Amino acid sequence: MTAEQVIRALGARLVGARLPAITGFSIDSRSLQPGDLFFAIKGGRFDGHDFLYAAFQKGAAAAVVSRVRPEISPSNSQLLVADTTRALQGLALEYRRQWGGKLIAVTGSSGKTTTKTFATSILHARFQVYSNPGNLNNRYGLPLSLLRMPETSEVAVLEMGMSSPGEITALCGIAEPNVGVITNVQPVHLEFFRSLEEIAKAKTELADFLEDRGTWIYNADDALLARRAEEFRGEKISFGTSQGAGVRAEKIQVINLHRTDFELSLGPSRARVTLPAAGRYFVYDFLAAAAAGSLLGLALEEIAAAAGSLSPAPMRGRIVHLKVSATVMDDSYNSNPAALREVAAAAAALAGYSRRIAVLGEMLELGSRSREYHFTAGVELAEMGFDWIIGVQGHAADICEGARYGGVPASQVRFFPDSDTAAGFASTLCRSGDLMLVKGSRGVHTEKVVQRLVSDYGCMEAA
């Protein structure tokens, strides 16, 4: 967008020097690049207006402000608006409309990022595809992602996150998706919702937006999503393992840490697929991505062929081989009861390991039933045959209690208040032949356990 288009789209008043060329967009003065338009966002714990001087010192082309700071030199350009957050979102919407390409939104309780990653890779077979980096998926990150999208992109795959009602609706108002994927509904953010049904209602705001203007891709094996799909009046595609799913996986076999085989059905067509990852949960992410690929015209053969080049995103099921001949399943990015159950089942089903060790961080935002969910998880992992259970922080102590109740010897259950101390113990425990699963909510930082293991023993490869 030209400087004039930006001013017009923002409805801003220019204060100071004439607006120079804009080459990027930023809300963080620490990562700002020369030529970026800096939005002085006012949040609950910070105010971007306090960092205007730093932004200009780093080469900001201009700053979008809701109040002019007199100490800023008149040789710099300030764009005065009523609300900088709304300005960021409005500019992103204007850019999205000018671009006019196909936009796929992905949300769900878990699997969002992996589904986004898989869909982007599959669609690269035919299109120039852009996806939002990292977890830039909220009311600040999503518009930034849109503004940073190259004009040459033909398809955008954007993840949408939420923790309260109305957020998905607001994000849809910024991105205006043509296609929406909802991976599942699971017990996350229960601190902010009274039930799974309320979470489903918030997630399916994406379906509400698409009902008369796009296509909804949903998990047919998720009872709450299937129920909403019965009422959905628009175009829809289902995926899953149940017989009625439009994009279906059958005969799933987890072969090893780097391979899951299954038969992919797309309507009457079938193909054998080898996915370079371990676990049924990765199959669901692939099916959602395959449904998006099919909708955009890719043939079954193209989709199946793309599977071989896929890989999970960092800290989301990546496999790390230590030089001590132990293996780490790094699923440390986040956790909830259903996701923990899935990845633990995948680890438990793999043969050839002398011990299975689970390092499990507290699962946050589970509300009043948090203790119950954690205790049940411990019992389940004991029943799966894990030899060691290491709990990290808060209610992870209840995982330990559940593991002991389920039959893991008390001497092989340990609890630590933080990931640093847990990492030290895990490192001393680790030995040749071990399979160590590391998983926890983002705020627990269980990735420190993986980092410590790699630091102490060295890494042969990561897959």
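Summary of values
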{"item": "Candidates VAL157, VAL188, VAL181, filtered to the one that is assigned to a strand (DSSP E or B) and over 20 Å from GLN89 (Cα atoms)", "result": "VAL181"}
{"item": "Test result for GLU383, farther than 29 Å from LYS323 by Cα, in contact with a helix residue (DSSP H, G or I) (Cβ under 6 Å, 6 or more places away or on another chain), assigned to a helix (DSSP H, G or I) and at pLDDT 95 or above", "result": "yes"}
{"item": "Test: residue in the stretch 221-239 that is in a strand (DSSP E or B) and basic (Lys, Arg)", "result": "yes"}
{"item": "Among the residues listed as VAL379, VAL413, VAL320, VAL408, the single one being closer than 16 Å to VAL450 by Cα and not acidic (Asp, Glu)", "result": "VAL320"}
{"item": "Strands (runs of 3 or more DSSP E) contained in the stretch 14-132 and holding at least 3 residues under 29 Å from the mean Cα position of the chain (by Cα) and of a type outside the set (D, E, K, R)", "result": "24-26, 36-39, 102-107, 129-131"}
{"item": "Residue that is surrounded by the most Cβ atoms within 10 Å (Cβ to Cβ) [pool: residues in the stretch 388-408 that are within 20 Å of ALA347 (Cα to Cα) and over 30 Å from the mean Cα position of the chain (by Cα)]", "result": "VAL408"}
{"item": "Cross-chain or 6+ apart pairs with Cβ under 9 Å, the stretch 159-177 first and more than 26 Å from LEU296 (Cα to Cα), then in a helix (DSSP H, G or I) and among the β-branched types (Val, Ile, Thr)", "result": "MET162/ILE168"}
{"item": "Some residue of the stretch 418-429 being surrounded by fewer than 21 Cβ atoms within 10 Å (Cβ to Cβ) and either in the same structural domain as ALA277 (by TED's automatic domain parsing) or hydrophobic (A, V, I, L, M, F, W, C) (or both)", "result": "yes"}
{"item": "Test: LEU146 is in contact with a Phe, Trp or Tyr (Cβ under 9 Å, 6 or more places away or on another chain) and within 14 Å of PHE39 (Cβ to Cβ)", "result": "yes"}
{"item": "Residue check, VAL283 among the β-branched types (Val, Ile, Thr), under 21 Å from SER441 (Cα atoms) and at pLDDT 95 or above", "result": "no"}
{"item": "Test: SER31 is touching a residue at least 12 places away in the same chain (Cβ under 8 Å) and not aliphatic (A, V, I, L, M)", "result": "no"}
{"item": "Those residues of the stretch 403-439 which are touching a Gly at 6+ places or on another chain (Cβ under 9 Å) and either modelled with pLDDT under 95 or closer than 16 Å to SER332 by Cβ (or both), in sequence order", "result": "PHE416, SER419, ALA422, LEU435, VAL438, LYS439"}
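Condition check ((1) buried (at least 18 other Cβ atoms within 10 Å of the Cβ); (2) not hydroxyl-bearing (Ser, Thr, Tyr)) across all residues:
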| position | (1), (2) |
| --- | --- |
| GLY141 | yes, yes |
| GLU154 | no, yes |
| PRO165 | no, yes |
| LEU171 | yes, yes |
| GLY180 | yes, yes |
| THR183 | yes, no |
| VAL188 | yes, yes |
| LEU196 | no, yes |
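Per-residue answers, yes or no, for (1) among the charged types (D, E, K, R); (2) touching an Asp or Glu at 6+ places or on another chain (Cβ under 8 Å); (3) in the same structural domain as GLU447 (by TED's automatic domain parsing):
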site: GLN253; (1), (2), (3): no, yes, no
site: ARG272; (1), (2), (3): yes, yes, no
site: VAL283; (1), (2), (3): no, no, no
site: PHE286; (1), (2), (3): no, no, no
site: LEU300; (1), (2), (3): no, no, no
site: ALA304; (1), (2), (3): no, no, no
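The values are calculated or read from the model by the stated rules, or taken from the named source; none is laboratory data. Just so you know, these numbers come straight off a predicted model, no measurement behind them. In this analysis, Cβ positions are derived from the backbone assuming ideal geometry, glycine residues included, and neighbour counts consider all displayed protein chains.
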